[in-house]
Amino acid sequence: MPSPKDAYHGEIFIPDKRHPWFPFFCPKPQVDILFYTDDTSVAFNPASSFGVDAMRDLLHQRSGFHADFRIDLLNRHDGGHARQKLTPELLAKYDQVWFFGVLQCNQQAAPENELTDDEVAALRTWMDEREGGVLITGDHSNPRPFDAVDGALDPLVNLGRALGHRVPRAGQLRVWEGLPSSDVTTDPHHTHNTQVPDGVHVLDDLTLQDDQFPQRLLLTKYPLGWSWPWWLRRYRPHPLFCGRTGPIEVFPDHMHEGALAFPAAYPAADWPSGPWGQPVPEVVARGTDKRFPATYDLVSAYDGALASVGRIVADSTWHHYFNINLAGFAPGSAERDAIGDYYANLAAWLTPSAKRAAMRCWFWWQLAVHPRCTWSRAPRSPCWARPHWTCSAGWPASARSPSSSGRSRCGRGTGSSSRGRPKKWCSAP
């Protein structure tokens, strides 16, 4: 019997420490995420084109199932130049850091735009010992600032380089100098344009980035086990792109994106190995140019958890996250929902291993105690009949697999199998 000190999280039973079920109880984890920037326009401000409040809201809408997402935003230069550095004490408060830098390099009047040696060391310790997760972004290159401290930099320097290029491991996964640029007046091949035509504007028109037409992604395919005959083999995308209704195949577009990079070698000192070998970054999503045949790497992922270090996701541009690029997708639209699912997958996937284990434990606790979940047996042959969970449609949307009336293209479909076992569907952790 529940004691007076027992409680409920929504409809989920939370036992008191004296309850006999308490040893099996898994508390709901909180994932702490820091958005780190160096530009005042990257803010929780609906009026800012570079705002990140729309993305934050989509994350919060999806944080009710596996975990609660707590999101803070910090500008490096709040209160003065480089007053808000990344310290061990600051990093200890967070599971992830998402970098949305805009500045290019150290300048004569701003000598600490770039991360300092102490910050790099703090990040490395946090990523290696606490499995801190990193999203690294930037954009295209612009002309080098006239007062750049390092005169040896390429004449074209990437937006976001100041914060991004020294982040351990993650800094090696983007192009920080040289092409692609934003100058479409020279060779259009020097720009990475992923915009979709609307029948009115030319493709090199920036207004297309905030319309209702998203770009279509080319997702890397991963085989689902073995099948026979071989031509019927089924695939899934990377967990980042497993949505609630199937693969996430849409993304915000932009007129001039940046580019991803990959190291020429993976020295063990920087890229450690685990029990199953050395994990390396891989491209998980690509985009296309509609002006001429060209394909661009948009998102790469490094599963550092396989080597007991932090995971990394690198993106070709922060425009995949900003208000201006989400503005054209109406609330509740399929496109906005799919992009929101990607953000939630990203937050779950970058979470350290211990907290992802807590997510799974909380998930199983919900199945065990939720009043709308019951054990039943499939009406099949006794040798096939096995107990399985059935859950009503009363669960929050973020907790449900796609409708059992259809088949998900992500995994094995939905509903119960002929042997009474739930069929697999995609989940990020």
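The values are calculated or read from the model by the stated rules, or taken from the named source; none is laboratory data. The shown structure was predicted, so the numbers you read here are calculated from the model rather than taken from an experiment. Here Cβ is always computed from backbone atoms with ideal geometry, including for glycine, and neighbour counts include all displayed protein chains.
Name the residues in the range 156-184 that are of a type outside the set (Val, Ile, Thr), within 25 Å of Gly310 (Cα to Cα) and part of a loop (DSSP other than H, G, I, E, B), would you?
Going residue by residue through the range 156-184, those that are of a type outside the set (Val, Ile, Thr) are 156, 158-166, 168-174, 176-183.
Next cut, within 25 Å of Gly310 (Cα to Cα) only: 158-166, 168-174, 176.
Those that are of a type outside the set (Val, Ile, Thr), within 25 Å of Gly310 (Cα to Cα) and part of a loop (DSSP other than H, G, I, E, B): Leu159, Gly160, His165, Arg166, Pro168, Arg169, Trp176.
Looking at (1) under 14 Å from His320 (Cα atoms); (2) part of a loop (DSSP other than H, G, I, E, B), which is the one condition that is false for Gln209?
Going through the list (1) under 14 Å from His320 (Cα atoms); (2) part of a loop (DSSP other than H, G, I, E, B), Gln209 breaks only (2).
Check whether at least one residue in the range 104-126 is under 26 Å from Cys26 (Cβ atoms) and either buried (at least 17 other Cβ atoms within 10 Å of the Cβ) or basic (Lys, Arg) (or both), and report yes or no.
yes
Considering each residue of the range 251-286, count those that are hydrophobic (A, V, I, L, M, F, W, C) and either at positive phi or assigned to a strand (DSSP E or B) (or both), and give that number.
In the first step, residues of the range 251-286 are kept if they are hydrophobic (A, V, I, L, M, F, W, C); the result is 251, 255, 259-262, 264-265, 268-269, 271, 276, 280, 283-285.
Subsequent filtering for residues that are either at positive phi or assigned to a strand (DSSP E or B) (or both) retains 251, 260, 283-285.
So the count comes out to 5.
Return the only residue of Arg356, Arg372, Arg311, Arg336 being in contact with a Pro (Cβ under 7 Å, 6 or more places away or on another chain) and either of a type in the set (Ser, Thr, Tyr) or over 17 Å from Leu219 (Cβ atoms) (or both). Even if it seems obvious, please write down each step before you answer.
Details: Arg372 fails: in contact with a Pro (Cβ under 7 Å, 6 or more places away or on another chain); Arg311 fails: in contact with a Pro (Cβ under 7 Å, 6 or more places away or on another chain); Arg336 fails: in contact with a Pro (Cβ under 7 Å, 6 or more places away or on another chain).
Only one candidate passes the filter, namely Arg356.
Filter the range 323-362 down to the residues that are at pLDDT 95 or above and basic (Lys, Arg), then identify the one that is nearest to Ile248 (Cα to Cα).
Checking each candidate, the answer is Arg336.
For residues in the range 58-88 being in contact with a Gly (Cβ under 9 Å, 6 or more places away or on another chain) and not hydrophobic (A, V, I, L, M, F, W, C), which is nearest to Glu114 (Cα to Cα)? Can you show your working first?
Initial filter on the range 58-88 (in contact with a Gly (Cβ under 9 Å, 6 or more places away or on another chain)): 58-59, 61-62, 64, 76.
Next cut, not hydrophobic (A, V, I, L, M, F, W, C) only: 61-62, 64, 76.
On the way: Gln61: 34, Arg62: 33, Gly64: 36, Arg76: 10 Å.
Ranking the qualifying residues of the range 58-88, first place goes to Arg76.
How about the range 30-57: which of its residues are among the acidic types (Asp, Glu) and closer than 24 Å to Asp337 by Cβ? Before the answer, list the steps.
Narrowing the range 30-57 to residues among the acidic types (Asp, Glu): 32, 38-39, 53, 57.
Correct list: Asp53, Asp57.
Could you list, in sequence order, all residues of the range 160-219 that are surrounded by 22 or more Cβ atoms within 10 Å (Cβ to Cβ) and at positive phi?
Within the range 160-219, Gly160, Arg169 meet the criteria.
Could you please find all residues in the range 287-327 being assigned to a strand (DSSP E or B), farther than 25 Å from Arg166 by Cα and among the charged types (D, E, K, R)?
Taking the range 287-327 first, the residues assigned to a strand (DSSP E or B) are 287-289, 294-302, 312-315.
Going one step further and asking which of them are farther than 25 Å from Arg166 by Cα, we end up with 287-289, 294-295.
Hit for the range 287-327 is Asp289, nothing else.
Examine the range 127-141 for a residue that is of a type outside the set (Asp, Glu), outside any helix (DSSP H, G or I) and within 18 Å of Thr40 (Cα to Cα), and state whether such a residue exists.
In the first step, residues of the range 127-141 are kept if they are of a type outside the set (Asp, Glu); the result is 127, 130, 132-138, 140-141.
Checking which are outside any helix (DSSP H, G or I) leaves us with 130, 132-138, 140-141.
Checking the rest, the ones that are also within 18 Å of Thr40 (Cα to Cα) come to 137-138.
Within the range 127-141, one or more residues are of a type outside the set (Asp, Glu), outside any helix (DSSP H, G or I) and within 18 Å of Thr40 (Cα to Cα).
Could you list, in sequence order, all residues of the range 191-203 that are over 17 Å from Asn325 (Cα atoms) and either at pLDDT 90 or above or among the small types (Gly, Ala, Ser) (or both)? Before the answer, list the steps.
Here is the first cut: in the range 191-203, the residues over 17 Å from Asn325 (Cα atoms) are 191, 199-200, 202.
Listed by number, the residues that qualify are Thr191, Gly199.
May I ask you to say which residue of Ala294, Ala338 is over 27 Å from Glu129 (Cβ atoms), among the hydrophobic types (A, V, I, L, M, F, W, C) and either more than 19 Å from the chain's Cα centre (by Cα) or surrounded by 24 or more Cβ atoms within 10 Å (Cβ to Cβ) (or both)? If you could, list the steps in order and put the result at the bottom.
On the way: Ala338 fails: either more than 19 Å from the chain's Cα centre (by Cα) or surrounded by 24 or more Cβ atoms within 10 Å (Cβ to Cβ) (or both).
Of Ala294, Ala338, the one residue that is over 27 Å from Glu129 (Cβ atoms), among the hydrophobic types (A, V, I, L, M, F, W, C) and either more than 19 Å from the chain's Cα centre (by Cα) or surrounded by 24 or more Cβ atoms within 10 Å (Cβ to Cβ) (or both) is Ala294.
Would you confirm, using the coordinates I've provided, whether Lys355 is surrounded by fewer than 23 Cβ atoms within 10 Å (Cβ to Cβ), under 30 Å from Lys28 (Cα atoms), in contact (Cβ under 8 Å) with a residue 60 or more places away in the chain and of a type outside the set (Gly, Ala, Ser)?
Working: surrounded by fewer than 23 Cβ atoms within 10 Å (Cβ to Cβ): yes; under 30 Å from Lys28 (Cα atoms): yes; in contact (Cβ under 8 Å) with a residue 60 or more places away in the chain: yes; of a type outside the set (Gly, Ala, Ser): yes.
When the stated conditions are applied, Lys355 passes them.
Could we say that Trp271 is in contact with a strand residue (DSSP E or B) (Cβ under 6 Å, 6 or more places away or on another chain) and buried (at least 19 other Cβ atoms within 10 Å of the Cβ) here? Explain how you work it out, then say what you get.
Values: in contact with a strand residue (DSSP E or B) (Cβ under 6 Å, 6 or more places away or on another chain): no; buried (at least 19 other Cβ atoms within 10 Å of the Cβ): yes.
It is false that Trp271 is in contact with a strand residue (DSSP E or B) (Cβ under 6 Å, 6 or more places away or on another chain) and buried (at least 19 other Cβ atoms within 10 Å of the Cβ).
Any residue in the range 363-371 that is outside any helix (DSSP H, G or I), modelled with pLDDT under 95 and not charged (D, E, K, R)? First the steps, then the outcome.
Taking the range 363-371 as the starting set, the residues that turn out to be outside any helix (DSSP H, G or I) are 370-371.
Right, trim to modelled with pLDDT under 95 and you get 370-371.
In the following step, the residues that additionally are not charged (D, E, K, R) were identified as 370-371.
Taking every residue of the range 363-371 in turn, at least one turns out to be outside any helix (DSSP H, G or I), modelled with pLDDT under 95 and not charged (D, E, K, R).
Taking Arg76 as the residue in question, decide whether it is within 30 Å of Gln366 (Cβ to Cβ) and touching a strand residue (DSSP E or B) at 6+ places or on another chain (Cβ under 8 Å).
Working: within 30 Å of Gln366 (Cβ to Cβ): no; touching a strand residue (DSSP E or B) at 6+ places or on another chain (Cβ under 8 Å): yes.
No; evaluated as a whole, the condition is false for this residue.
Would you mention how many residues in the range 278-307 are out of contact with any helix residue (DSSP H, G or I) (no Cβ under 8 Å at 6 or more places or on another chain), modelled with pLDDT of 95 or more and of a type outside the set (D, E, K, R)?
Counting residues in the range 278-307 that are out of contact with any helix residue (DSSP H, G or I) (no Cβ under 8 Å at 6 or more places or on another chain), modelled with pLDDT of 95 or more and of a type outside the set (D, E, K, R) gives 8.
Being of a type outside the set (A, V, I, L, M), in contact with an Asp or Glu (Cβ under 6 Å, 6 or more places away or on another chain) and under 23 Å from Ala348 (Cβ atoms) is the filter here, so list the residues in the range 1-53 that pass it.
Across the range 1-53, the qualifying residues are Gln30, Asp32, Phe44.
Do the conditions hold for Asp211, that is, is it charged (D, E, K, R) and touching a Gly at 6+ places or on another chain (Cβ under 8 Å)? Steps first, please.
Details: charged (D, E, K, R): yes; touching a Gly at 6+ places or on another chain (Cβ under 8 Å): yes.
Here the answer is yes, as Asp211 does meet what is asked.
Going by the structure shown, is Ile136 touching a residue at least 60 places away in the same chain (Cβ under 8 Å), β-branched (Val, Ile, Thr) and surrounded by 16 or more Cβ atoms within 10 Å (Cβ to Cβ)? Spell out the reasoning first.
Details: touching a residue at least 60 places away in the same chain (Cβ under 8 Å): yes; β-branched (Val, Ile, Thr): yes; surrounded by 16 or more Cβ atoms within 10 Å (Cβ to Cβ): yes.
Answer is yes for this residue.
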